[in-house]
Amino acid sequence: YKNLSLLSPDQVELAKGLLDLNQAHLFQHWDEPGVEDDEKRALLEQITLLNGSYPGGLASYIKTARQLLADSKAGKNPYDGFTPSVPSGEVLKFADDNFIRYEEIGVREARRAAFVLVAGGLGERLGYNGIKVALPLESTTGTSFLQHYVESILALQDASLELGQGEGPTEIPLAIMTSDDTHSRTQELLQKNSYFGMKPTQIKFIKQEKVACLDDNDARLALDPKNKYRIQTKPHGHGDVHSLLYSSGLLKQWLDAGRKWVLFFQDTNGLLFKAIPASLGVSAAKEYHVNSLAVPRKAKEAIGGITRLTHQDGRTMVINVEYNQLDPLLRASGYPNGDVNDETGYSPFPGNINQLIFEIGPYLEELSKTGGAIKEFVNPKYKDSTKTDFKSSTRLECMMQDYPKTLPPSARVGFTVADAWLAYAPVKNNPEDAAKVIDCVEKPFRLFRLIDFSPSCYMQVPKGNPYHSATSGEMAIYRANSLILREAGVEVSDPIRSTFNGQEVEVWPRVTWKPKWGVAFSEIKSKVSGDGNSITGRSTLAIGGRSVYLENLALDGALIIDAVDGAKVKATGSVQNAGWKIENVDFRDTALPEEVRIRGFKIGREEQLEGTYEVPGEYSIPPPPVSK
Ligand code: UGB
């Protein structure tokens, strides 16, 4: 109390409120007035921030934490009373009539969409020191995830405007959720690269704050071991995105501007924009309030399973059950083998890839009731079985896909399954962990023990499951592009199998294109003509232009095309050269940049045919022979 005069009246009120919540330890150790007064004020400023950035303030945080900690101590299962079953949703088959119809609807609707990238995570599992969105998604062109995302949104915007929807919004906004760990580096990346062609005003940042750590089951806030005048904080999880969209007023702005859809996506999935038009089309056609994009999931793969949960009291919901909880839930409810693949070779529960599409109207209506608060969880590591003391402080966490948990049964919640090769190739695991393949048939018990939250455990890869590494992420881009071109009528050679950083992967021809070359399959197909297009396995094709047409192109080597809008380029005839080769590198070789080491290879550029077209006009590559 001797220090009260240091504080503003608001701060005094806040401190008193904390005393009532059994948080006196935050102040008891304070020095006499005159000693470290600035630090004391800084603590109150931090408390004010923690209070203001949590829906309902610290009182609500502490109350929820006490309840969740008591449940955890009592061993209460969050799914008590619920029975899981396999849900049904829209299953897309790439390039069939249905897919093309949904894509067309989706491209039209895109004009009324807003995108939200959650990029507050540091990616400790990946062991990369930079921000993940700065990583190249492939090393043929070196395009970063962020560049690819921005260019994909711009391409969708152009395609949607071209389809013509009369009056209405024209620029698709992008909101990026950052955290203290990623904020300034994400901003710098955009500024340094002229926002990758997007108007700076089109991009909005919403920064999540960390939440207070908890020292015990009574939810006493943890003081920072390094500074007695600070509360220790940790990330709260991607679920923060909902309260931030609400409190920033962005959702309301978007709705007022005539937007209908908000699409959430994660930091390192280089494939997902290939599935966005069709899944947005599904949302629009089926009038889903909530649509989760999913892919067939290998049992025990570290992605949540979309599950129908039916409660004893009759309630049902279709929701993501996180990967560490699905197996125990299944075992406890009549699936004695837990999370296992069925005869299709996949788990019957589709894998949540956290690509969510919400209709803004009902979403905003719901958030005005909840303020964006999401059902949280706590995951304390106890010292012993009495569950009294923690090994280290814990905190509440939340996940963005848990939003539907509080929705009434009348809400239209659905999901859309796309082929994994088309929609999902995240970069999450470091090379060493990705290469730790476990044979789960021979060692089932070991595997079950591994399914828990501790970072050193949950990245073990059961045999045959995707690695989710920089290596597999890049190879997935080439595979998807090759398969799409095959579907469009190009003869693309089969892949070879190679091992990089201990991971055996398929290596397809290195085919890449800028998103504006085609956001939907029908657009890509319209740019391929003739029945003589072929690409050999050792080839590289990089298409950097909107109006590039493949017409009986026989490629055996590297062909690199860069063309401004308005330059119409026909790639035709035979192209043969030494090409670009994939060269193994060792991830322990510290002389190489980290982004190269984590994928285990680099591209050796030996010889290529390159066409750069800076002036609108009509061109052929290779150029036709000049007649004398
Ligand atoms: N993120 C934030 O923005 N803030 C945070 O505080 C934390 C993360 P991870 P996770 O699709 O692969 C999710 O760590 O949480 C961002 C789903 O829960 O990569 O283990 C972060 O920057 C799971 O069901 O993934 O698992 C990143 O962009 C499954 O869908 C995103 O949140 C899995 O992703 C995800 O963070 C998947």
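The values are calculated or read from the model by the stated rules, or taken from the named source; none is laboratory data. Since this is a predicted model, take the numbers as computed values, not measurements. Positions of Cβ are generated from backbone atoms using ideal geometry, with glycine treated the same way; all protein chains shown enter the neighbour counts.
Here is a check on your reading of the model: is Ile176 buried (at least 19 other Cβ atoms within 10 Å of the Cβ) and under 19 Å from Gly281 (Cβ atoms)?
Values: buried (at least 19 other Cβ atoms within 10 Å of the Cβ): yes; under 19 Å from Gly281 (Cβ atoms): no.
Considered against the rule, which asks whether it is buried (at least 19 other Cβ atoms within 10 Å of the Cβ) and under 19 Å from Gly281 (Cβ atoms), Ile176 comes out as no.
Checked against the criterion of being surrounded by fewer than 22 Cβ atoms within 10 Å (Cβ to Cβ), of a type in the set (Asp, Glu), touching a residue at least 40 places away in the same chain (Cβ under 8 Å) and under 23 Å from Gly106 (Cα atoms), the candidates Glu491, Glu487 yield just one match: Glu487. Condition first: surrounded by fewer than 14 Cβ atoms within 10 Å (Cβ to Cβ) and modelled with pLDDT under 95. Can you find one or more residues in region 181-189 that meet it? No; the residues of region 181-189 include none that is surrounded by fewer than 14 Cβ atoms within 10 Å (Cβ to Cβ) and modelled with pLDDT under 95.
Okay, residues lined up against (1) farther than 30 Å from Ala285 by Cβ; (2) within 24 Å of the chain's Cα centre (by Cα); (3) within 16 Å of the ligand (Cβ to nearest atom):
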{"site": "Leu68", "(1), (2), (3)": "yes, no, no"}
{"site": "Ala74", "(1), (2), (3)": "yes, no, no"}
{"site": "Asp80", "(1), (2), (3)": "yes, no, no"}
{"site": "Leu92", "(1), (2), (3)": "no, yes, no"}
{"site": "Asn98", "(1), (2), (3)": "no, no, no"}
{"site": "Arg101", "(1), (2), (3)": "no, no, no"}
{"site": "Val107", "(1), (2), (3)": "no, yes, no"}
{"site": "Phe115", "(1), (2), (3)": "no, yes, yes"}
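Looking at region 225-259, which of its residues are closer than 24 Å to Arg41 by Cα, part of a loop (DSSP other than H, G, I, E, B) and within 15 Å of the ligand (Cβ to nearest atom)? Selection gives Pro235 alone. Note on region 117-146: residues that are closer than 21 Å to Gln187 by Cα, of a type outside the set (D, E, K, R) and within 16 Å of the ligand (Cβ to nearest atom) total 18. The residue pairs whose first member lies in region 604-628 and is touching a residue at least 12 places away in the same chain (Cβ under 8 Å) and farther than 21 Å from Ala563 by Cα, whose second member is of a type outside the set (Val, Ile, Thr) and in a strand (DSSP E or B), and whose beta carbons are closer than 7 Å, counting only pairs six or more residues apart or on different chains, are Gly604/Trp580; Gly604/Lys581; Gly604/Glu583; Glu606/Gly579; Glu606/Trp580; Glu606/Lys581. Which one is modelled with the lowest pLDDT, of the residues in region 496-533 that are more than 17 Å from Arg479 (Cβ to Cβ) and of a type in the set (S, T, N, Q)? Filtering first and then ranking leaves Asn501.
Per the listing Lys63, Lys16, Lys40, the residue uniquely basic (Lys, Arg) and closer than 30 Å to Asp327 by Cα is Lys63.
Identify, please: which residue in region 475-531 is assigned to a strand (DSSP E or B) and acidic (Asp, Glu) and is, among those, farthest from Trp421 (Cα to Cα)? Talk me through it step by step, then tell me what you get.
Within region 475-531, the subset assigned to a strand (DSSP E or B) is 491-492, 496-500, 503-507, 510-513, 528-529.
Narrowing further to those that are acidic (Asp, Glu): 491, 504, 506.
Numbers: Glu491: 18, Glu504: 16, Glu506: 12 Å.
That would be Glu491.
Only residues that are more than 10 Å from the ligand (Cβ to nearest atom), buried (at least 23 other Cβ atoms within 10 Å of the Cβ) and of a type in the set (S, T, N, Q) were counted in region 283-341, giving 3. Restricting region 408-433 to residues that are within 21 Å of Val118 (Cβ to Cβ) and of a type in the set (Val, Ile, Thr) leaves a set whose member that is surrounded by the fewest Cβ atoms within 10 Å (Cβ to Cβ) is Val413. Scanning region 260-282 for residues that are within 16 Å of the ligand (Cβ to nearest atom) and either under 18 Å from Ala159 (Cα atoms) or of a type in the set (Val, Ile, Thr) (or both) gives Val262, Leu263, Thr268, Leu272, Phe273, Lys274, Ala275, Ile276, Ser279. Entry remark, region 170-185: residues being of a type in the set (A, V, I, L, M) and in a loop (DSSP other than H, G, I, E, B) number 1 in total. The condition (being closer than 22 Å to Glu474 by Cβ, touching a helix residue (DSSP H, G or I) at 6+ places or on another chain (Cβ under 6 Å) and not in a loop (DSSP other than H, G, I, E, B)) is satisfied by just one residue among Val107, Val133: Val133. Regarding region 576-591, can at least one residue be identified that is under 24 Å from Gln147 (Cα atoms) and in contact with a Pro (Cβ under 8 Å, 6 or more places away or on another chain)? Among the residues of region 576-591, not one is under 24 Å from Gln147 (Cα atoms) and in contact with a Pro (Cβ under 8 Å, 6 or more places away or on another chain), which makes the answer no.
Taken as a whole, the condition of being modelled with pLDDT of 95 or more, crowded, with 23+ Cβ neighbours inside 10 Å, within 16 Å of the ligand (Cβ to nearest atom) and not aromatic (Phe, Trp, Tyr) applies to Leu356.
Out of all the residues in region 460-474, which are without any contact (Cβ under 8 Å) to a residue 60 or more places away in the chain, out of contact with any Pro (no Cβ under 8 Å at 6 or more places or on another chain) and either polar (S, T, N, Q) or in a helix (DSSP H, G or I) (or both)? Walk me through how you get there before you give the answer.
Kept after step one, since they are without any contact (Cβ under 8 Å) to a residue 60 or more places away in the chain, are these residues of region 460-474: 460-461, 463, 467, 472.
Checking the rest, the ones that are also out of contact with any Pro (no Cβ under 8 Å at 6 or more places or on another chain) come to 460-461, 463, 467.
Within region 460-474, just Gln460 meets the criteria.
Of the strands (runs of 3 or more DSSP E) lying entirely inside region 542-620, those carrying at least 3 residues that are loosely packed, with under 14 Cβ neighbours inside 10 Å are 601-607. Only one of the numbered conditions (1) of a type outside the set (Gly, Ala, Ser); (2) within 16 Å of the ligand (Cβ to nearest atom); (3) assigned to a strand (DSSP E or B) is violated by Pro87, and that is (3).
Going through (1) buried (at least 21 other Cβ atoms within 10 Å of the Cβ); (2) within 14 Å of Leu190 (Cα to Cα) one by one, Glu151 falls short only on (1).
Among the residues of region 20-56, those identified as touching a residue at least 40 places away in the same chain (Cβ under 8 Å) and assigned to a helix (DSSP H, G or I) are His25, Leu26, Glu39, Lys40, Ala42, Leu43, Gln46, Ile47, Leu49, Leu50.
Filter region 273-326 down to the residues that are in a strand (DSSP E or B) and small (Gly, Ala, Ser) and list them by number. Show your work before the answer.
Going through region 273-326, the residues in a strand (DSSP E or B) turn out to be 290-297, 305-311, 316-321.
Correct list: Ser292, Ala294, Gly305.
Applying a threshold of 7 Å to beta carbon distances and a minimum spacing of six or more residues, or different chains, the list of pairs starting in region 235-256 at a residue that is farther than 15 Å from Ser179 by Cβ and without any contact (Cβ under 8 Å) to a residue 60 or more places away in the chain and ending at one that is assigned to a helix (DSSP H, G or I) and near the ligand (Cβ under 10 Å from one of its atoms) is empty.
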